[in-house]
Structures are given as structure tokens and as C-alpha cells.
1. Tyr49 passes all but one of (1) of a type in the set (Phe, Trp, Tyr); (2) closer than 23 Å to Ile89 by Cα; (3) at pLDDT below 95; which number fails?
2. Does Glu33 satisfy the criteria of being within 24 Å of Gly101 (Cβ to Cβ), at pLDDT 90 or above and acidic (Asp, Glu)?
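The values are calculated or read from the model by the stated rules, or taken from the named source; none is laboratory data. Since this is a predicted model, take the numbers as computed values, not measurements. So basically every Cβ, Gly included, is an ideal-geometry build from the backbone, and we count neighbours across all protein chains shown.
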Amino acid sequence: MITQDGESPDLFSRNESYFEWRRIQRLRGQPIEELERKLEQLVAKEREYGDRYEADAPEEVDALEHADYADLDSVWMDLQEWRTVRGRIRELERARRSQNGNTRASA
């Protein structure tokens, strides 16, 4: 679950792939209809972000083009939420495909 990155001082980091695998395994326990419903909601939310910021991905957005310095925090929060939504879509899709018997779901 963690790996040691250094010794003096001891430095550790999370094994993110393990936690992603765990989340996907939990999702696989849900009915396929529930996975598809959640996937549909998140895809709609991702489209909203893309439309709002006129971009295909959060990495393409320059926060200063969409807010002045006083409002930058809200844009940055949107961009972080957008990244989270994209990650959840990826996990839900992998869980859905694995339930459908698609052997490429673990890729």
C-alpha cells in the first residue's frame, strides 16, 4: 500500500494503483445499471465543465482567462473537480467493462 522513497528521513508514498484497484473492485460489486447511471451523470458533468471552459481537458484551461485574481480559487476548484470526475469515469468504465466480461477491463 505504501512504498519507501527515502531513508534519512524516512519518506513514504501511497501506491495509488493499489487504491485505484480497490475502488474498482468495490464498484464491480454494484449492479451494472447503477454503474451506468453513475457513469451517465459523470459524463454529463464532464461535458458541463468542457462547455464552461471551452476545453477538452482541465489541463488545457488557463485559470486567468476565466477569472480575475479574486476568483481564481473557484476556477482552480472547478478544474480539480473536473480531474476527479474524469478519474471516476475511468474507474466506473473499467468496472462496467469487467462486469460485462470484457477482458481488456484491467488495461
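1. Against the list (1) of a type in the set (Phe, Trp, Tyr); (2) closer than 23 Å to Ile89 by Cα; (3) at pLDDT below 95, Tyr49 comes up short only on (3).
2. It is true that Glu33 is within 24 Å of Gly101 (Cβ to Cβ), at pLDDT 90 or above and acidic (Asp, Glu).
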